[in-house]
Every structure is written in structure tokens, then in C-alpha cells.
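Here the structure comes first, spelled out in C-alpha cells, and everything after it is commentary.
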Amino acid sequence: MTFDRIEDLHRALDSGQVTCVALAEESLRRAATENPSLNALAEIFDDSARAQAAAVDSRRAQGDHRALDGVTMVIKDNMVYTGHSSGAGSKILTGFVSPYTATAVQRLLDAGAVLIGRSSCDEFAMGSSNETSVYGPVRNPLDPTRTPGGSSGGSAAAVAAGWVHAALGSDTGGSIRQPAAFCGIYGAKPTYGRVSRYGLIAYASSFDQIGPFTRSARDLARITEVISGADAHDSTCSDRPVPPMMQSERDPKTLSFGYYQEVLDNPALDSELRAAFMARMDALKAAGHRVEALRFDYLDALVPIYYILTTAEASANLARFDGVRYGFRTEGAKTLDELYKRTRSEGFGTEVQRRILLGTFVLRSGYFDAYYGQAQKARRAVQDATNADLSKVDLLISPTTPHTAFELGRETSDPTVMYLEDIFTVQAPIAGLPALSLPMGTHTNGLPMGLHLTAKAFDEPTLFAASAYLSE
Ligand code: GLN
């Protein structure tokens, strides 16, 4: 039995129609039978999932009901969970078993979620197609010849296939929102600092955020509310109080939307996606909303800014994988230097090595000002311009991706082609803002299209209210 909304699932639990144990068994069974064809999960957590489900059923029998009771979920392979392996899709973490649990994962468990497994992702969350994981490519459940998107493609595929109710992913430049669009589901990246990054294997620390994948707008709000809030383990996590994320009394008719003409004029944008988006803008206007065309001068600078800053941060973050502290270690090295070099050459895949090299290059003395320093200044300019636009309208709106899910193998030969996949999703994390993707109908090629919303910092309630309204 699958439910698209936690409310419906809880109604079925309350009436005794299902139990958490039955839901977990069904989810485990489907994941085990169907994973060989999609390859979305790196591991299924049979024993711990069964124990959690049984514990939630008995807690509920005592009258203690919680926000995510019985909600089956998978967590991305870059989040740690006590006693379980986490690999970040990399050979270099082979054999790593975590001695602690990520804050966001712990909050899911405390709220009654049942964790079915860890979902495959691009190596260290670097990618847009889920083809670089050491576990092999993940397939899109809607068309297995195509990518589910990346880097959190395994999470998106598991939710879209209906194996689990929801999932956690992480988003640095679009890794929740783009796979959500490619798989026809919902995915949100909260404001930078809204959700603790403690226990998230870092890619680019000033961009990374954890967020949910769901099959309904309301569930995005509910899960975000559970995982949000201050955490003493992460000094970048905001201590602002967490508001109710789904405020039903908010009248969406009072909202205003801004879109960028430059996005619509971008040659990469598929013409049918563009037409579908314009039809949505017309429908919003006809329904009495304010919809404004805005100007954005930095569209072509976004991808370069993103890749300079994130590779710089990645080169520092990934220095800790040296063959001494975690996971994989090369055999037979004679000196410490050789151990480091060979472990890293054998343990990291090509894309990760490329980004570490790029990152050390842009940080090199003599180049620092020209690349890293410039990109930092440009980031600030983008933040200022975006915040200025969001003082005129409540939400920025655009297509999530330039086209629908592409064939596996199509974009792997030229990394810069793959990098351009992120053109519409990197603005929000460059500016630190909350954003989400929701379904926008089906293309004539049969694949889903995504609609993207960005809100002001810490204004997730408006983001979720608008997405619920746009889903009706
Ligand atoms: N596709 C982007 C990248 O490769 C985004 C990845 C992400 O958000 N983790 O960096």
C-alpha cells in the first residue's frame, strides 16, 4: 500500500488498516526485488528497519504519535548513520562504518521514520546524472535508459518508484531539485543554515544543504520542519526558531512571482519546456496573481562561479581522505607520501580527481585573486541582485532544468556539458536561499518537467505554501 501524503498514511495507521511493520516489510520487499533493475540503493537496511518499525508500532500503541511515524525513507549515501556503512559513492570509503549519526538522520528517527536503506549518489555528490558512483549508474524509474538526475538520483528514483514514502538528499548546486524534476516528484533545498550539516560528508561546505524528496508538497514541509533547527554540532546551522513550515492560513492569492527573461531566452532551454512554463505564468496571471518579468545580468556567470567556489572547497574537504583515517588504503606503499598518492589516485574516481585538481588550481598563490577571489566577489554580487529581486516579489520562478531526463552515457564525455545542466539551479545555493522543484506536467516525450521556486532566506513557509497551491 503506498500513500502520497503522510496525512493519509497516518489515517490508515490510526484506523488500524496498516501497521508500521507491514509498511516497512512492503517497502523492504519492493526495494529488494526491484533494486537490481534500477540500482538506486547501495544497501538495504533490513534489520535496523524492522526493529525501528516494530518500535514505532509499540510506541504508538502507548498513545505517543509523532510527525513521521511509519514513514519509510532512504538516506543518501553521503549521510552517516551509527553502525551503518556510508560510502558517498566512492571507493575511497570502502569499509567505512560510522560511529555516529548525522543530525538530520537522527531527527528522522526520533520523529518515527523507518530507514529502509542508503541511496546511491554521484561520487561525493559531484554530478548531475548519477553515473559516477562506485556502485554504477542509477536508472530513472520512468525510463530506465535515462538518468534519474544527480547527484541524489538514487533517493529520487526510490521515491518515484514508490519503494519508499520519502527520502533525504543533499543539494549543493541542484542535486535535490534536478533529480526531483527528472523523476516527476517534489524536492526541496532549505535555506543555507536551516538544517544541520553534521554528519553530511562534505562536498562544498558553504553550499551543501540536506533536504527531502516526496510525492506531495505538504510532505516536503513536514519533513523539512522535522530536520530543521539549531545544532550545537554545526556552527553554520542557524539558531532561528523553526516556524510551522506549512501554514495553511496563508493565502496564496497574495503572492507575487518574478521570472527572468534571460532564463527563457537561454538557448539551452527546450522549447516545449519553455512553452509549458509560459502557459503556467499565463494561468497564474489569469488567476489574479502578480507575475513579473525581471532582468538578471549574471545568468552566464552562475555556472563558472559555482564551479570555482565548490571545487576550491572540495579540494580542502577531500584532503582528509588519505588512506590513514578512513576506508580504502592502497597495498604495499613504501613511504607515507606514496601511501597518500596511491590511495587517492586509486580511491577517487576521475570526476572527483578533476575537481580536486581544479580546486587546488584556483586556490594556488598567484591565481587565487584571479579565480577564487573574483568568484567570491561575484557570489556577493549574485546574492545582492537576487535579494533585491526578492524584495520586489515573493518568489522567483523558472523551469528547474533546461530539458527533461537525458539518456545515460550521453553527457559523460565532456564535463563542461554536464556542468551546464545546473544552469537554473545554482543561483539559489550561490545566494544561500531556499528553493524547490515541483512537477509541471509531462513533455510530449513522456517525461516529467519540473517547476522551480526560490524564496527569501528562511522563508520556507512561503515556498511550501506556493508549491502546495501550484500543485492543486
Ligand atoms: N551537479 C552539480 C555538481 O555537480 C550539483 C551537485 C550537487 O548539488 N551536489 O556539482
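Taken together, the values in this text are just the output of simple stated rules run on the coordinates, not laboratory data. Here the structure is a predicted model, which means the values were calculated and not measured. Cβ atoms come from the backbone with ideal geometry, glycine included; neighbour counts cover every protein chain shown.
What are the lysines whose alpha-carbon lies under 20 Å from the alpha-carbon of Lys189, with same-chain residues fewer than 8 places away excluded?
Lys76, Lys456
May I ask you to derive the relative contact order of segment 1-103, considering only C-alpha pairs under 8 Å and at least 6 residues apart, and to give it as an integer percent?
Relative contact order here is 23 percent.
In Å, what Kirkwood hydrodynamic radius results for the chain from the alpha-carbon pair distances?
22.2 Å
Per-residue counts of other Cβ atoms within 10 Å, averaged by peptide: what ranking do you get for 100-111, 122-133, 275-286, highest first?
Taking the mean over residues of other Cβ atoms within 10 Å, the ranking is 122-133, 100-111, 275-286.
Mean separation of Cα pairs under 8 Å and 6+ residues apart, divided by the residue count of segment 158-255: what relative contact order is that in percent?
Values: 166 pairs, mean separation 26.4, N = 98.
Reported as a whole number, the value is 27 percent.
Can you tell me the relative contact order of the chain? Whole percent, Cα pairs under 8 Å, sequence separation 6 or more. Before the final figure, lay out each step's value.
Working: 1082 pairs, mean separation 80.3, N = 472.
About 17 percent, as a whole number.
Considering the Cα trace of segment 1-159, what is its radius of gyration and what is Dmax, both in angstroms?
15.7, 47
In whole Å, how far is the Cα centre of segment 231-249 from that of segment 88-163?
The two parts, judged by their Cα centres, are 25 Å apart.
Highest mean first, how do 58-68, 19-29 rank when packing is the count of other Cβ atoms within 10 Å averaged over residues? Mind showing how you got there, number by number?
Details: 58-68: 13.8, 19-29: 19.9.
By packing density, highest mean first, the sequence is 19-29, 58-68.
So, by mean Cβ neighbours within 10 angstrom, what's the order for 288-295, 76-83 with the highest one leading?
On the way: 288-295: 13.6, 76-83: 24.1.
Going from most to least packed, we get 76-83, 288-295.
On a C-alpha basis, how far is the centre of segment 407-448 from the centre of segment 47-67 in Å? Whole number, if you could?
37 Å
Given 5 Å bins starting at zero, what is the percent of C-alpha pairs of segment 168-237 in each, up to the one with the largest pair distance?
That works out to 3, 20, 28, 25, 15, 7, 1, 0, in percent per bin.
When a/c is below 1.5 the answer is rounded, else prolate if a/b is larger than b/c, else oblate, so apply that to segment 83-229 with a ≥ b ≥ c taken from the square roots of the Cα gyration tensor eigenvalues. Don't skip to the answer; put the middle values down first.
Values: a/c = 1.39, a/b = 1.07, b/c = 1.30.
Judged from the Cα gyration tensor, segment 83-229 comes out rounded (a/c under 1.5).
Quick check on segment 398-459: what does the Kirkwood estimate of hydrodynamic radius come out to from the alpha carbon pairs, in Å?
The Cα-based Kirkwood calculation yields 13.0 Å.
Using C-alpha positions alone, give me the convex hull volume of segment 103-183 per residue in cubic angstrom.
87 Å³
Scale the Cα Rg of segment 305-464 by the rule-of-thumb value 2.2 N^0.38 Å and send over the ratio, two decimals.
1.31
Suppose we keep just the DSSP beta bridges with both residues in the chain; what percent of those would be antiparallel, to 5?
If I count the DSSP bridges inside the chain, around 65 percent turn out antiparallel.
Determine the principal axes of the Cα atoms in segment 216-360, then give the extent along each, sorted from largest to smallest and rounded to whole angstroms.
72, 41, 26
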